[in-house]
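The structure appears right after this line, and notes come after that.
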Number of protein chains: 2
Amino acid sequence: MMIEGVRMKYFIDRLIEKIEEKNSRICVGLDPHLELMPKSLLNPEILEDIEKNQKKISKSIYQFNKEIIDSVKDYTAVVKPQMAFYEKLGIEGMKTLKNTIAYAEEKELIVLLDGKRNDIGSTASAYAEAYLTDSKYAADALTINPYLGRDGIIPFLENKSKGAFALLKTSNPSSGDLQDLILQDGQKVYEKMGKILSSIGEDYIGSFGFSNLAAVVGATYPEELKEIRKIIPSVFFLIPGYGAQGGGAEDIKAGFDINGRGAIVNSSRGINFAYQKEEFKDFGADNFAEAAGAAAEKMKNEINKVLGFNN
Amino acid sequence: MMIEGVRMKYFIDRLIEKIEEKNSRICVGLDPHLELMPKSLLNPEILEDIEKNQKKISKSIYQFNKEIIDSVKDYTAVVKPQMAFYEKLGIEGMKTLKNTIAYAEEKELIVLLDGKRNDIGSTASAYAEAYLTDSKYAADALTINPYLGRDGIIPFLENKSKGAFALLKTSNPSSGDLQDLILQDGQKVYEKMGKILSSIGEDYIGSFGFSNLAAVVGATYPEELKEIRKIIPSVFFLIPGYGAQGGGAEDIKAGFDINGRGAIVNSSRGINFAYQKEEFKDFGADNFAEAAGAAAEKMKNEINKVLGFNN
């Protein structure tokens, strides 16, 4: 009975408890941009024929990810592998993704798989079976795209110990093409979508008042973040766009509630490749992982500071 | 120079030429729903532990796909593997997907990979590098989700010999949650999105007046299909929802232009598992592929008939 009780804990409750245990509101992306990898780990020559060298490259990425995970694990509750970078390396890349997930779970991190999957009902279920089962290679949560509406979202919520993060107001320059359109009733599309997500989530609320259906709102749009936080208080946010894309600590403050809960802030390149930044370049390329750890610690502290938490 | 010329042919021109060569406006989905597979090919007992039996199941699916492809190849220009069903089977499933793509290309079919991928610019490029390269395991086109706007779409169009099919008005019951919302100016969201797709596509128009950026519009919404066809004449349509989801030949007529061009109509379950339908049950489960061939031929003829083509 005990085991069943633990297994059935809501994803969102596990997430919030882990955040408070680590006292960290960050999320570390695992986005292995090949051209940014340290040369000692990945010889640039083998990138001349990526298809032929998929196995070697994937092996280097796994090594890179393990070192990054070891180095950031004290400063983050969550890691977020971006699937595209693994899919790009074919079968070997997918193996590295699975091994990375298993390694992060071993280190007791929450794994948010960034795949932005979406489809009609029966097919959405197949994606949930691919990535949100209880297998050791499955993730804890998956990013999804809500363009298809409710019946394309609900299948991702079936396993209550797993979560879904639906795109809402994304961090990219063109996100407004669709998301900022103004509806007949004066609302913007992303506001309306936020309400749809909030309403679906009502059936999946955990013990902290947040639901297993979370949303993605970019740090690059702080005004929108502030607005939407007020409208949908039970929806947890993943806030990407910190660092490399331009968002700063003050920009993300409004994504949190008065208890400093309700969001995690992601940085991928800014942490993974910190060794290339002026600020951390003294670590040197060989110590890329230590540089990443320092960058993660710094980001954790910056965010705690604006929210009024001690470090 | 000749080879370069052939390779650089626009995707949309290759597609239209293949459609006219085959005199077929259908698309055959390759959606291996495990519970619908013929028992002779996939023993239902091994489905009791899918994770453990991924290799066996994937092998059966590859056999199934090869037989379906052999049987339908005279009646269709395009096959469309649905990625979720392969991803669900892990690494082994992904191998089967790659082998299926290569087999279909060998049979000179156009492969439209149904993955509904989407992300911000640099990551969308990684997906394009995963699925739209010139590798023999790459597809000819990929379905994408346009929620992120222009900069999430354009990277999929970089290789002009490949195409992208963006979701527009999808076939599922809840598609209206977002897509039918009415904007301030009286347009619906999908109409506005159709115009965005049409405008992006202007830079990728082939010699028949259609662009490499196509769109998905469901057969289950015939009125919307008619309306949107008129608004964006240069956008080619994939029309899913024929058969199992309820659309019929009269419903899809409005998706084509006056020359009978501009669309392909997809059926997945209705062809893959035709042997389970009253109409084709005399074939028997062992002859599932022949049943699929008969169903594909019938669908091809039905659609040609409403469009006024001879068979």
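Derivation of every value follows stated rules applied to the coordinates shown; laboratory data play no part. Since we're looking at a predicted model, the values are computed, not measured. Here Cβ is always computed from backbone atoms with ideal geometry, including for glycine, and neighbour counts include all displayed protein chains.
Of the strands (runs of 3 or more DSSP E) lying entirely inside region A:141-241, those carrying at least 2 residues that are among the small types (Gly, Ala, Ser) and crowded, with 23+ Cβ neighbours inside 10 Å are A:163-169, A:213-217.
Under 22 Å from A:Pro146 (Cα atoms) and either touching a Cys at 6+ places or on another chain (Cβ under 6 Å) or more than 9 Å from chain A (Cβ to nearest Cβ) (or both): which single residue out of B:Ala164, B:Ala126 fits that description? Checking each option against the conditions leaves just B:Ala164. Considering the conditions (1) farther than 19 Å from B:Ala219 by Cα; (2) hydrophobic (A, V, I, L, M, F, W, C); (3) free of Cβ contacts under 8 Å to residues at least 40 places away in the same chain, B:Ala285 is excluded by exactly one of them, (3). It is to be established whether one or more residues within region B:62-70 are in contact (Cβ under 8 Å) with a residue 60 or more places away in the chain, under 16 Å from the mean Cα position of the chain (by Cα), under 30 Å from B:Phe210 (Cα atoms) and away from chain A (no Cβ under 14 Å). Scanning region B:62-70 turns up at least one residue that is in contact (Cβ under 8 Å) with a residue 60 or more places away in the chain, under 16 Å from the mean Cα position of the chain (by Cα), under 30 Å from B:Phe210 (Cα atoms) and away from chain A (no Cβ under 14 Å).
Test B:Ile303 against the stated conditions and say whether it is buried (at least 21 other Cβ atoms within 10 Å of the Cβ), within 16 Å of the chain's Cα centre (by Cα) and either touching a residue at least 60 places away in the same chain (Cβ under 8 Å) or under 28 Å from B:Ser207 (Cβ atoms) (or both). The answer is no for B:Ile303.
Of all the criteria given as (1) assigned to a strand (DSSP E or B); (2) in contact with a Pro (Cβ under 7 Å, 6 or more places away or on another chain), the one not satisfied by A:Ala128 is (1). Taking region B:12-51 as the range and being assigned to a helix (DSSP H, G or I), among the aliphatic types (A, V, I, L, M) and under 23 Å from the mean Cα position of the chain (by Cα) as the test, the residues that pass are B:Ile12, B:Leu15, B:Ile16, B:Ile19, B:Leu34, B:Leu36.
If you go through region B:78-93 and pick out every residue that is more than 9 Å from chain A (Cβ to nearest Cβ) and aliphatic (A, V, I, L, M), you end up with 2.
For region A:94-106, filtering for residues that are surrounded by fewer than 23 Cβ atoms within 10 Å (Cβ to Cβ) and in contact (Cβ under 8 Å) with a residue 12 or more places away in the chain leaves 6. Given the criteria facing chain B (nearest Cβ under 10 Å), out of contact with any Cys (no Cβ under 6 Å at 6 or more places or on another chain), under 30 Å from A:Asp74 (Cβ atoms) and of a type in the set (Asp, Glu), does A:Asp114 qualify? Considered against the rule, which asks whether it is facing chain B (nearest Cβ under 10 Å), out of contact with any Cys (no Cβ under 6 Å at 6 or more places or on another chain), under 30 Å from A:Asp74 (Cβ atoms) and of a type in the set (Asp, Glu), A:Asp114 comes out as yes.
Does A:Phe156 satisfy the condition of being under 23 Å from A:Glu224 (Cα atoms) and not basic (Lys, Arg)? Spelling it out, it is not the case that A:Phe156 is under 23 Å from A:Glu224 (Cα atoms) and not basic (Lys, Arg). Can you find a residue in region A:54-70 that is within 18 Å of A:Ala294 (Cα to Cα), crowded, with 21+ Cβ neighbours inside 10 Å and polar (S, T, N, Q)? Yes, because at least one residue in region A:54-70 is within 18 Å of A:Ala294 (Cα to Cα), crowded, with 21+ Cβ neighbours inside 10 Å and polar (S, T, N, Q).
Just one residue in the set A:Leu109, A:Leu47 is surrounded by fewer than 24 Cβ atoms within 10 Å (Cβ to Cβ), away from chain B (no Cβ under 11 Å) and under 30 Å from A:Glu202 (Cβ atoms); that residue is A:Leu109.
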